[in-house]
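Below is one structure, written out as C-alpha cells; the observations come after it.
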Amino acid sequence: MQTTDYTQLIEVHELFSNINNPDWVIVDCRFDLANPEWGLADYQQSHIPGAVYAHLDHDISGPRTESNGRHPLPAPQTFKEALGRLGIDSTRQVVVYDTSGGSFAVRLWWMLKYYGHTRVAVLNSGFSTWTASGYPVSSGNYTNPNRVFTGTPDPSMVVTTAEMENIVGESRSILIDARAPERFHGDVEPLDPVAGHIPGAVNRFHQLNLGTDGLWLPPDTLKNEFLTLLGDNRSAQVIVYCGSGVTSCHLLLAMEVAGLPIARLYAGSWSEWIRDPRHPVVLGDNT
C-alpha cells in the first residue's frame, strides 16, 4: 500500500490501490441543495466500498439562526464528535468525494484543514470517474469504529461578518464570489431572498476549476487564471465567499493546487451578509 500523504487531490486509481487500507477513511459528501435528503438516499444505493456518509446539513454545518447563513460552521465540539462518528482522528488519511465535481466535498476538505488535519484530499472527478473506471461499488450504510478527534480550529482562516463590514471597499483585500455569474449579477437568485453580490467582489464560478471532462484543471492553468483574475491586486489578501460558505471552498482548493497563497473564507457568505438590511449589495457589475 502507498504511504504518500494526500493533501489536495487524489486520482481514482490511487484511491483504489488503498481501498483496503485500515488507516484511510473515505467520506461520501454528495448533496442536493434543492433536495437535502437525496444525497443519503443515493449513497445508500451505490457508493465507493467502505465510504461513510457525511450530510452537509447535519454533520458539517451548525443550526441556522436569525443572524447566520444557510450553512454556518458547527460548534467545535459538535463537529469533532461528528468526525469521531465518521471514524476520523489525527492519524487517518481522509478522502472525500461527491457527484458534483467536488462542490460539496470541498467543504469537509476545508473544515479538516481548518481544524489542523492536513491529510485530506478530494477525489478528482468524484464518484462518476470511479464508476466509469469500472471500480467496485457497494450499497447500504457503512460505519467505522468511533474515534476521538482532537483538532482545534484556526480563526485566521475565516472572516466573520463583523470583519467583512470593515473589509468591504478597502484596497488591501479582494473578494472572489464563487457563485454562477447569473447569481453574482443578481439576474436570478434561486436560494436566497436577496439577489446580487457584496460590493467590490469579482466573480469566478467554482465550476471553472474543472475541465470539460469533469477533472480539475492542471496547476499551471489554475495559477494563470487566478492571477489574471487578481490582476494588479496579486498582493492583496484574498477572501472567498459563495451563497453559504460551501462551494467557495472549491476556490480555496484550486488556489492551493495552483500553489498560490492561502486565501480566507467568509464562512457566512452571501446568505449571512444579507441578513442585515443595512449591508450594501450590488446588482450587475461593480459600478
**Q.** Subset of the range 127-146 that is in contact (Cβ under 8 Å) with a residue 40 or more places away in the chain and of a type in the set (G, A, S) - its residue that is nearest to L86 (Cα to Cα)
**A.** G140
Q: May I ask you to list the residues in the range 243-278 that are part of a loop (DSSP other than H, G, I, E, B) and touching a His at 6+ places or on another chain (Cβ under 7 Å)?
A: S244, G245, V246, T247
Q. In the range 47-99, how many are of a type in the set (D, E, K, R) and either under 20 Å from R30 (Cα atoms) or within 18 Å of the chain's Cα centre (by Cα) (or both)?
A. 6
Q.
Just to confirm my filter: which helices (runs of 4 or more DSSP H) fall fully inside the range 96-177 and include at least 1 residues that are in the same structural domain as L208 (by TED's automatic domain parsing) and within 30 Å of H279 (Cβ to Cβ)?
A. 161-167
**Q.** Complete set of residues in the range 14-46 that are over 22 Å from T247 (Cβ atoms) and either part of a loop (DSSP other than H, G, I, E, B) or among the aromatic types (F, W, Y) (or both)
**A.** F16, S17, N18, I19, N20, N21, P22, D23, W24, S46
Q: Would you check which residues across the range 220-278 are more than 19 Å from L210 (Cα to Cα) and among the aromatic types (F, W, Y) and list them?
A: Y266, W270, W273
Q) Within the set of pairs 6 or more residues apart or between chains, which connect a residue that is at negative phi inside the range 91-115 to a residue that is among the basic types (K, R) and buried (at least 24 other Cβ atoms within 10 Å of the Cβ) with Cβ atoms less than 6 Å apart? A) D98/R30; T99/R30
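Matching residues to (1) of a type in the set (A, V, I, L, M, F, W, C); (2) assigned by TED's automatic domain parsing to the domain that holds Y97; (3) buried (at least 17 other Cβ atoms within 10 Å of the Cβ):
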position: E182; (1), (2), (3): no, no, no
position: N209; (1), (2), (3): no, no, yes
position: L215; (1), (2), (3): yes, no, no
position: L251; (1), (2), (3): yes, no, yes
position: E256; (1), (2), (3): no, no, yes
position: P280; (1), (2), (3): no, no, no
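The values are calculated or read from the model by the stated rules, or taken from the named source; none is laboratory data. Quantities reported herein were computed from a predicted structural model and do not represent experimental measurements. As a convention, Cβ positions derive from the backbone with ideal geometry for all residues, glycine included, and neighbour counts pool all protein chains shown.
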